[in-house]
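Student: Take this structure, written in structure tokens, and hold onto it; I'll ask about it next.
Every number here is computed from the coordinates shown, using simple stated rules; none is lab data. Remember, it's a predicted structure, so these values are computed and weren't measured experimentally. Counting neighbours? That spans all protein chains shown, and the Cβs are built from the backbone with ideal geometry, glycine included.
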Amino acid sequence: MKEFLSSSWHTLKLARKSGREEFLLYLKLVFLGLFVVGSIGFLIQFVGALIKLA
């Protein structure tokens, strides 16, 4: 337990707040990922609906 707390404290000391440019980059990547996953889900649902109609 002591080793875990020491490791956690060391990690927190190394952490830093991201700048505006880095934040915007991560935000764009998150939205891109959401778009890709949503598009894949939509295509699967669309193909399933087409198969059901056929």
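Student: Exactly which GluC sites (Glu not before Pro) in the chain are in a DSSP loop and have at most 14 other Cβ atoms within 10 Å?
Tutor: Counting only loop positions with at most 14 other Cβ atoms within 10 Å, none of the GluC sites (Glu not before Pro) in the chain qualifies.
Student: Then there is this: Please check which bits of segment 7-33 a label hung off S39 would reach, taking the label as a point 7 Å along Cα-to-C-beta and the cut-off as backbone N under 18 Å.
Tutor: 27-33
Student: In segment 1-42, which trypsin sites (Lys or Arg not before Pro) are in a loop and have at most 15 other Cβ atoms within 10 Å, using DSSP for the loop call?
Tutor: R16, K17
Student: Given axes a ≥ b ≥ c from the Cα gyration tensor, I'd like to know whether the chain is rounded (a/c under 1.5), prolate (a/b larger than b/c) or oblate.
Tutor: Oblate is the answer for the chain, as a/c is 1.5 or above yet b/c matches or exceeds a/b.
Student: If you take the charge dipole of the chain about its Cα centre, with +1 on Lys and Arg Cβ and -1 on Asp and Glu Cβ, which of I51, V36, L24 is farthest toward its positive end?
Tutor: Going by the Cα projections, it comes out as L24.
Student: To the nearest 10 degrees, how steep is helix 20-53 against the longest Cα principal axis of the chain, on a 0 to 90 scale?
Tutor: The angle comes out at about 30 degrees.
Student: When the dipole is taken about the Cα centre of the chain, and only Lys, Arg (+1) and Asp, Glu (-1) are charged at their Cβ, what size is it in debye, to the nearest 20?
Tutor: So the magnitude is around 140 debye.
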